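**Q** One structure is given below, represented as structure tokens, and several questions about it will come after.
The values are calculated or read from the model by the stated rules, or taken from the named source; none is laboratory data. Only a predicted model underlies this, so the values are computations on that prediction, with no experimental measurement involved. Please note: Cβ atoms are built from the backbone with ideal geometry, for glycine as well, and neighbour counts cover all protein chains shown. Heavy atoms of the whole protein, side chains included, go into the accessibility calculation; ligands, DNA and RNA do not. Shrake-Rupley method; radii C 1.70, N 1.55, O 1.52, S 1.80 Å.
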Amino acid sequence: MKRLFSILAITCLMAIGTVNANALTNASATTTVTMTQDDADATGEDLGFHQELKKRFIEGGPGFMGIVLLCLILGLAIAIERIIFLNLSTTNTKKLTQNVEDALASGGIEAAKEVCRNTKGPVASIFYQGLDRADEDIDAAEKAVVAYGGVQMGQLEKNVSWISLFIALAPMLGFMGTVIGMIKAFDKIEAAGDMQPSLVAGGIKVALLTTVFGLIVAIILQIFYNYIIAKIDSIVNDMEDASITLMDLLVRHKK
């Protein structure tokens, strides 16, 4: 009898332990499922944004939307190339001027030209052209600096006009898509012979989407364009200041 009670007690304890274990397992599984569902919902929201963007892009029509996208890609490619080039062209003008002045005092024109050859950027190139004409009179050196400054300015502004073209072209394509969408909407109304909102909604939606995407492209490229223009202006100002400083250095060196 005692043995029977012992077996029943052990069985009850094992049953209770199994129930608790199952409860913990179910709770963990529920938590895991909940977390997985939350992650899936969060991922679904992220994917939903991209899917929505893709959907709206396709709804805008592959013709005009593809051209607007091409304007964005080409404009960004040119803008990034110009930004890299302008950053590489930026020179510490004060340090370069001091190095050239020290080289002129210690080693003469050739030493100063060597300093310019070892320095990148348009300012160093202008210095080199002026020093290369230093054996002639100051007027010849000044003319060489001015002429080469114009060449360097052209290098800085290379392909920038294409960015401004894409800035103007993207919203114009969007507005053209707007007009075409409205024409299609009125064609559907004319064919149906009845003014129904469902007939007009598709054309108006295409019109609005092309306009929105065109304006977005123009805004993005305009930001890059303004940065590039400001960078060019800064480098050109450095070039002009450096040219004046170089002429003063040559005048003092000839004395």
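**Q** Of all residues in region 88-116, which are open to solvent by 40 Å² or more (accessible area, probe 1.4 Å), free of Cβ contacts under 8 Å to residues at least 24 places away in the same chain and closer than 18 Å to residue 155 by Cβ?
**A** none
**Q** With respect to residue 138, is the statement that it is surrounded by fewer than 20 Cβ atoms within 10 Å (Cβ to Cβ) and at pLDDT 85 or above true?
**A** For residue 138, the condition - surrounded by fewer than 20 Cβ atoms within 10 Å (Cβ to Cβ) and at pLDDT 85 or above - is not met.
**Q** Ok, one more. Residues to consider are 130, 121, 150; find the one that is among the small types (Gly, Ala, Ser), modelled with pLDDT of 85 or more and open to solvent by less than 40 Å² (accessible area, probe 1.4 Å).
**A** On the way: 130 fails: modelled with pLDDT of 85 or more; 150 fails: open to solvent by less than 40 Å² (accessible area, probe 1.4 Å).
Of 130, 121, 150, the one residue that is among the small types (Gly, Ala, Ser), modelled with pLDDT of 85 or more and open to solvent by less than 40 Å² (accessible area, probe 1.4 Å) is 121.
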